[in-house]
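Here the structure comes first, spelled out in structure tokens, and everything after it is commentary.
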Amino acid sequence: MLNKKTQQVLKSLLGVNNSMIVSKDMTVVDEFKTLLGKVNLGLLEDDIKEFGLYDAGGFLNAVSLLDDPTIELEENLLKIKDQNTSIEYVITDLSALEDCVVDPEIIETTQNASSVLDFELTQEVLDKIKKASSVFKTSDALYIISSGGKTTLKVATKESFVSSRNSFSISIDASSEKDFELPIPLENIMKIPSVGYTVSLKYNQDRDAYRVVLSNEIYTFVFTLLD
């Protein structure tokens, strides 16, 4: 249980939440409930049993102490063993982690809503966005801008009273019939794994509300917008 690829995926989620309930179709949510995620661990291995980790980072650090260990779940323990060494790691009761998961139907409903814009966000472009966030430290938003059939991603500061108005923009090969300028919290972009995604901008006409979905075969993330 928990092969190396699965361990890498769990490690990639620590920025979203260090506490998690691990399962084949697990969900994650950040502490402010502005970033929701669904993770398809079942694609990586079949024999994952559900268990809770209050400190997932600590657990993964414990696993790294051993050379290519086996991991087995027995009652309230994860038994981690290699040829010469063993670790018993106490798991967390699921009831103590209810704030660390989200109803998957919320994510699925958003994902199945109609899109007004879809495009591919490559790992290279995502890495550039994250690097720009580090360079322009006052920036707090990633804008998805559609104007005149052209789409731009822009790292900038949303608050008008901030003195530094530096920004970073990159054009995207995509177009929408609607014009908009929608800010995603940049801190949430920094939390997600640096891989490629399909980006879908979902629009609820009844509520006049947008949500942004980033997805691939392993991860699905739903972002709320900055106020």
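Listed values, structure above:
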| item | result |
| --- | --- |
| Candidates Gly42, Gly58, Gly37, Gly15 - the one that is under 28 Å from Ala141 (Cβ atoms) and surrounded by fewer than 19 Cβ atoms within 10 Å (Cβ to Cβ) | Gly15 |
| Members of region 56-85 that are free of Cβ contacts under 8 Å to residues at least 12 places away in the same chain and more than 18 Å from Asn17 (Cβ to Cβ) | Ser64, Glu74, Glu75, Lys79, Asn84 |
| Long-range neighbours under 7 Å by Cβ, at least six apart or interchain, first residue more than 17 Å from Ile145 (Cβ to Cβ) within region 104-126, second aliphatic (A, V, I, L, M) and modelled with pLDDT of 95 or more | Ile106/Leu36; Ile107/Leu36; Ile107/Val222; Thr110/Val213; Thr110/Val222; Gln111/Val213; Gln123/Val195 |
| Members of region 17-44 that are under 13 Å from Phe221 (Cα atoms) and of a type in the set (D, E, K, R) | Asp30, Lys33, Lys38 |
| Region 190-227 - residue that is among the polar types (S, T, N, Q) and out of contact with any Ser or Thr (no Cβ under 7 Å at 6 or more places or on another chain) and, of those, surrounded by the fewest Cβ atoms within 10 Å (Cβ to Cβ) | Gln205 |
| Qualifying residue in region 98-118 (condition: in contact with a helix residue (DSSP H, G or I) (Cβ under 8 Å, 6 or more places away or on another chain) and surrounded by 14 or more Cβ atoms within 10 Å (Cβ to Cβ)) | no |
| Strands (runs of 3 or more DSSP E) wholly inside region 157-227 containing at least 2 residues that are at pLDDT 90 or above, of a type in the set (S, T, N, Q) and under 23 Å from Met26 (Cα atoms) | 197-204 |
| Of residues in region 23-32 being under 24 Å from Glu187 (Cα atoms) and in a strand (DSSP E or B), the one farthest from the chain's Cα centre (by Cα) | Met26 |
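The values are calculated or read from the model by the stated rules, or taken from the named source; none is laboratory data. Computed from a prediction, not measured in an experiment: that's the story for all the values here. Please note: Cβ atoms are built from the backbone with ideal geometry, for glycine as well, and neighbour counts cover all protein chains shown.
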